[in-house]
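The values are calculated or read from the model by the stated rules, or taken from the named source; none is laboratory data. Predicted model only: the values in this text are computed from it and were never measured. Positions of Cβ are backbone-derived with ideal geometry, glycine not excepted, and every protein chain shown enters the neighbour counts.
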Amino acid sequence: MRRARIIGTGSYMPEKVMANSDFEKYLDTTDEWIVTRTGIRERRIAADGEFTSDLAVNAARKALDMAGLTPTDLDLIVVGTITGDYPWPATACIVQDKLGAGQCGAYDLSAACSGFLYALNNATALIEAGNINRALVIGAETLSRIVDYEDRNTCLLFGDGAGAVILEGQDGDQGVLSTHLHADGSYLELLYQPGFGTAVTPTEALVRDRGYFLKMQGNEVFKVAVKMLTEVAQEALAKNDMTIADVDLLIPHQANIRILEATAKRLKIDQDKVFVNVDKYGNTSAATIPVALDEANRSGRLKDNNIIVLNAFGGGFTWASACLRW
Ligand code: ACO
């Protein structure tokens, strides 16, 4: 069968580190509270003038290098992001231009923290159908630009970064075995950016009242996230006639160590088979999974024919999973 196989991975994290101690200096919070409640110790923040497209391009170049390809070899660029350089045109078009990737198709997918898995699903389907042969799939975010740094409930959770994979159509058993997408739009107001878009009129009051920034009801998000992350991983296993014992590595969306631990417990998977780097980068939304996949790949943790499950949950609500044979 024609499958989409990952033949290159790359990631890029901005240089600037924001540690928990930086929040202690001006917010009513402590390193101890943040580590205990979230597992996060530090996150990366894009430099002035460094945009989502720049992070994406840096990650993409590394993935192309690993794949031994040049940008003009690509048939498609899909970027999962909710923090594109502009509302439009798509950040993928800007990435295409900065990479020098000719005139291949390029568009963004907006599915918040599930954005990379939505994009992976999309590119995989196009490859399996024979429409294209090589795709660059990216998750990239500069969440620091939409986070309210006066809101201690949200600001310490998020960071900036980008990860990328190159997918190529190959015959055989290795590659993306299945992908699974879900959404429930009735949860809109638990996690969203209410003050930006054509539904709102930009006014001085909106900016003054901090309406522009991301809003979240963390407790409510937490409960639904654990349930859906568990169920969507189980869906991927059932689809491939596998059990949790078949999984060599689970790479979940990195939101919060307690969400990761609660999901692992429900799935009955050993914690040492769960990839964790939330301590270093916080929640980078669509970027967490491709960044983690790249770190796992470059550290030699992914072996030929390993079964890898990816699962994500985010604003929308959206949730998704993928099962890969490496
Ligand atoms: N420092 C110190 N105290 C704080 C802070 C802070 N930064 N933030 C909140 N508190 C206080 C609260 O005011 C509250 O005080 P009170 O009891 O006096 O009212 C207390 O700590 C507990 O607050 P909770 O909101 O109940 O804390 P909780 O244990 O739920 O942790 C958190 C909050 C970390 C946001 C958690 O709910 C969470 O991680 N939710 C998931 C959200 C998430 O990850 N969203 C990302 C997008 S979706 C996704 O990626 C899965």
Applying the selection to segment 239-278, what residues are small (Gly, Ala, Ser) and within 16 Å of the ligand (Cβ to nearest atom)? Ala255, Ala262, Ala264
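If we scan segment 224-234, do we find a residue that is at pLDDT 95 or above, more than 16 Å from the ligand (Cβ to nearest atom) and of a type in the set (S, T, N, Q)? Spell out the reasoning first.
To start, the set of residues in segment 224-234 that are at pLDDT 95 or above comprises 224-234.
In the following step, the residues that additionally are more than 16 Å from the ligand (Cβ to nearest atom) were identified as 234.
From what is left, the residues that are of a type in the set (S, T, N, Q) are 234.
Yes, the conditions are met somewhere in segment 224-234.
Does Leu117 satisfy being without any contact (Cβ under 8 Å) to a residue 60 or more places away in the chain and buried (at least 24 other Cβ atoms within 10 Å of the Cβ)? Give the steps one after another, and end with the answer.
Working: without any contact (Cβ under 8 Å) to a residue 60 or more places away in the chain: no; buried (at least 24 other Cβ atoms within 10 Å of the Cβ): yes.
Considered against the rule, which asks whether it is without any contact (Cβ under 8 Å) to a residue 60 or more places away in the chain and buried (at least 24 other Cβ atoms within 10 Å of the Cβ), Leu117 comes out as no.
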With basic (Lys, Arg) and within 16 Å of the ligand (Cβ to nearest atom) as the only criterion, which of Arg43, Arg61 stands out? Arg43
Name the residues in segment 279-318 that are polar (S, T, N, Q), touching a residue at least 24 places away in the same chain (Cβ under 8 Å) and more than 10 Å from the ligand (Cβ to nearest atom), would you? Asn297, Asn305, Asn306, Asn311
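Anything in segment 59-114 that is in a helix (DSSP H, G or I), among the hydroxyl-bearing types (Ser, Thr, Tyr) and free of Cβ contacts under 8 Å to residues at least 60 places away in the same chain? List them, or say none. Explain how you work it out, then say what you get.
Keep residues of segment 59-114 that are in a helix (DSSP H, G or I), which gives 59-67, 71-73, 91-99, 112-114.
Then drop every residue that is not among the hydroxyl-bearing types (Ser, Thr, Tyr), which leaves 72, 91, 114.
Once the filter is applied, which keeps residues that are in a helix (DSSP H, G or I), among the hydroxyl-bearing types (Ser, Thr, Tyr) and free of Cβ contacts under 8 Å to residues at least 60 places away in the same chain, segment 59-114 yields Thr72, Thr91.
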I need every pair where a residue in segment 17-44 that is in a loop (DSSP other than H, G, I, E, B) has its Cβ under 8 Å from the Cβ of a residue that is of a type in the set (Val, Ile, Thr) and modelled with pLDDT of 95 or more, sequence separation at least 6 or different chains. Gly39/Ile257; Gly39/Val276; Gly39/Val278; Ile40/Ile34; Ile40/Ile257; Ile40/Val278; Arg41/Ile34; Arg41/Val35
Which one is modelled with the lowest pLDDT among residues in segment 203-222 that are assigned to a helix (DSSP H, G or I) and more than 9 Å from the ligand (Cβ to nearest atom)? Val207
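Of all residues in segment 6-16, how many are assigned to a strand (DSSP E or B) and surrounded by 21 or more Cβ atoms within 10 Å (Cβ to Cβ)?
Step one: of segment 6-16, the residues assigned to a strand (DSSP E or B) are 6-12, 16.
So of that shortlist, the ones also surrounded by 21 or more Cβ atoms within 10 Å (Cβ to Cβ) come out as 6, 8-12.
Residues meeting the conditions: 6.
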Here are some conditions: (1) more than 14 Å from the ligand (Cβ to nearest atom); (2) assigned by TED's automatic domain parsing to the domain that holds Gly316; (3) without any contact (Cβ under 8 Å) to a residue 12 or more places away in the chain. Leu181 meets all but one. Which one does it not meet? (3)
